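The values are calculated or read from the model by the stated rules, or taken from the named source; none is laboratory data. Fair warning: this is a prediction, and the values are worked out from it, not measured in the lab. Positions of Cβ are backbone-derived with ideal geometry, glycine not excepted, and every protein chain shown enters the neighbour counts.
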Amino acid sequence: MKAAHFSIPRGLRPRYLPCLDEERQVLLNQLEETGDTEVADHLIESLDAARFRRWEETTEQMNFTKLSCKSWSLIRRLGAAQNPPRTSHPPVKANAVASHLLEVARAPVNKKHKRTVQVEWRYFLRHAPDKSLPPAFTVDEIYQTLQNMKAGTAPGYDHVHP
């Protein structure tokens, strides 16, 4: 504990700003005292220029033949040597969408009702005098059916509202 007490710094740690030298520190102090926007603009431009110069010096010093370890270390820190990010979801394929729609759009089958409809259809086809199909729906029948439907109800199995 005694060694930790002597070696671990205590108290307020200064905030690190890259490329903050004496000239820019004076500008920062002026900005904190006055709050002048011109001083702030000049400080930002000066910091940007210094950071750009530092970046140019760093990239010019990169030498993959002699100092490859240092160069690759910089690239790793920048994140360029990382594996490409994996997509969390596989790309959507048309067959997957089609099979999902078939699953969602399939209404539950009422076996008794299905059997009743089949029996009635067979009876109609066997006993119809002219063997023609039943008459088509009229506009009035469709209108009456739409009027009898409840408004504001939940969508059906196909996710379509009435």
If R10 satisfies every condition in (1) on the phi < 0 side of the Ramachandran plot; (2) surrounded by 10 or more Cβ atoms within 10 Å (Cβ to Cβ) but one, which is the exception?
(2)
Just the residues that are at pLDDT below 75 and of a type in the set (K, R), please, taken from segment 126-147.
K131
Those residues of segment 114-144 which are under 28 Å from H159 (Cβ atoms) and among the acidic types (D, E), in sequence order:
E141
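Got a sec? Which helices (runs of 4 or more DSSP H) wholly within segment 1-81 have at least 1 residues that are touching a helix residue (DSSP H, G or I) at 6+ places or on another chain (Cβ under 9 Å)?
Where helices (runs of 4 or more DSSP H) fall fully within segment 1-81 and carry at least 1 residues being touching a helix residue (DSSP H, G or I) at 6+ places or on another chain (Cβ under 9 Å), they are 22-34, 37-61, 68-78.
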Name the residue, out of K111, K93, K2, that is modelled with pLDDT of 85 or more, loosely packed, with under 10 Cβ neighbours inside 10 Å and either within 30 Å of P155 (Cα to Cα) or touching a Gly at 6+ places or on another chain (Cβ under 8 Å) (or both).
K111
Cβ pairs under 6 Å, 6+ apart or interchain, first in segment 31-56 and closer than 12 Å to C19 by Cα and free of Cβ contacts under 8 Å to residues at least 40 places away in the same chain, second in a helix (DSSP H, G or I) and of a type in the set (K, R), ordered by first then second residue, are S46/R24
